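Input: a single structure, listed below in structure tokens.
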Amino acid sequence: MEKKDLEKIFIKKVTESQGIIHKVCRIYCDDDEHRKDLVQEILIQLWKSYPSFRGESKFSSWMYRVALNVAVQDFRKVKKQKLIFFQTNEFKENLEQNDTSFEDEKLKQMHDAIANLDKVEKAIIMLFLESKSNQEIAEIVGITQNHVRVKMNRIKIKLAKKVNNS
Amino acid sequence: MELLGLKTIWQSITANTIEKDIVEERFVSKTIHSKSNAEVSKIKRVMLFKLVFGSLAGIMTILFAILSITNPAKVTFFNSIFSPSEYTIFFGSMALSISVMVILNYRAFRVITKFQTSSTNLKDSLARVIKVMENAMKLNIYSDALMTPIIVTWMTYAKVFSERELTLKLGVIVLVVVPLLTFSFSYFFQSYSQKLKFGNFVSRLKSYLKSLEREKNS
């Protein structure tokens, strides 16, 4: 297949599944500028990695793998780590809207807790929130399913602790 | 219970929020050809520059080393400082050290290029990027630590011996002490500089990798 055709297929597929990139960026980035940079970096690395995608795994799993690799290895020096995603303007807007479930204080604290997890834990919790099975999480992260369960338990304890402390 | 609750919230909020982030095919098409700002890409660009510059410098010094043997009359730019045999030693030592640097650089560059076009799982990817970064940092430290004493020694030699003969006492200083001192200084300076540039990045990646390797102890 010619590179031009390959590029066309790639662009179409990635554009269709771009939600994965935005979700990863939302969970890892502390501001809009950083988020835009990370979207760009993930797109570049996806394109660079695309020739190695042989369809052995699902396209979405491959996208998660590359996007999470880029996000975890993203290194930006910031003066102060801000809490993310749930504290962005979009979230605040959503909070102010009618959906009463967002007003639950306990859940807001939970959101803050996610922002305080380390990058690996964020990857695991994000895949969990995306309803990935333990097997899929294990494959994307590169650990055993048993280790995923251990990690999930630790994350759960961390989140609960954070909620209780707040 | 909390996690399941969070899952519901996540699905609801991402549906609303991500909709605002959606980009068109045109944006994807434009973006995929732009310059990467990843740390690995940054170090790769430095290596590429060193590779090109080092190759050119290496070829030139080899040519001058050969010319200083085959046709010494043509090599005249440091005539007030070097004799024809000194020219050969000077260019020979430069060619050798630059060649070693270029070969090491090329090997590290190949590894880093292969790394960028792979998409392994997170754990393997972390292990590989740490290895690549550490190799690149080592290369940067040693190539500078190797080149600096050679250049400084020759500069000292040219300065000290342009108007006097090489005696054993001064010769020892020039040929042993100066290179050793400059190597040590250069090594520590480069180690500090590399640590400053990439040390935090590598340490952070190592801590992530460690957290993924703890299964046996958990």
### Query
For chain B, which longest stretch is free of loop sites, where a loop site is one of the GluC sites (Glu not before Pro) that DSSP puts outside H, G, I, E and B and that has at most 15 other Cβ atoms within 10 Å?
B:25-162
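Take the Cβ-Cβ distance between A:N134 and A:F59 as r, set R0 to 22 Å, and report the resulting FRET efficiency rounded to the nearest 0.05. Before the final figure, lay out each step's value.
Numbers: r = 21 Å, r/R0 = 0.94.
E(calc), rounded to 0.05, equals 0.60.
Full extension from B:F27 to B:L175: what is 0.36 nm times the residue separation minus their Cα-Cα distance, to one decimal in nm? Write down the numbers at each step before the final one.
Working: separation 148, 0.36 × 148 = 53.28 nm, distance 5.94 nm.
Extending this stretch completely gives an extra 47.3 nm.
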## Note on the structure
With +1 at each Lys and Arg Cβ and -1 at each Asp and Glu Cβ, the charge dipole magnitude of chain B around its Cα centre, to the nearest 20 debye, comes out at 300 debye
### Message
So, R0 is 25 Å and r is the distance between the beta-carbons of B:V46 and A:K36; what FRET efficiency does that work out to, to 0.05?
### Response
0.50
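Full extension from A:A160 to A:F75: what is 0.36 nm times the residue separation minus their Cα-Cα distance, to one decimal in nm?
On the way: separation 85, 0.36 × 85 = 30.60 nm, distance 2.83 nm.
Full extension of this stretch gives 27.8 nm more.
For the stretch A:1-82, what is the charge dipole size about the Cα centre, in debye to the nearest 20, if Lys and Arg each add +1 at the Cβ and Asp and Glu each add -1 at the Cβ? Walk me through the intermediate numbers first.
Working: 18 positive and 12 negative charges, 32 e Å.
Computed about the Cα centre, the dipole is about 160 debye.
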#### Entry: Under 20 Å between alpha carbons - lysine pairs in the stretch B:11-152 that sit 8 or more apart or on different chains
18
### Task
Return the distance in nm (one decimal) between the two label points of a simple spin-label model at B:L96 and B:F188, each offset 7 Å from Cα along Cα→Cβ.
2.7 nm
### Query
For the stretch A:21-67 and the stretch B:27-63, what is the separation of their C-alpha centers, rounded to whole Å?
23 Å
### Query
Under a plain spin-label model, where a point goes 7 Å from the Cα along Cα-to-Cβ, how far apart in nm are A:D118 and A:K8?
4.7 nm
### Message
For the stretch A:1-82, what is the number of Lys pairs with C-alpha distance below 16 angstrom, counting only pairs 8 or more positions apart or on separate chains?
### Response
13
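No lab work stands behind these numbers, since they all come straight from the coordinates. Since the model is a prediction, treat every value here as computed from it, not as a measurement. For neighbour counting, all protein chains shown are included, and Cβ atoms are generated from backbone atoms with ideal geometry for every residue, glycine included.
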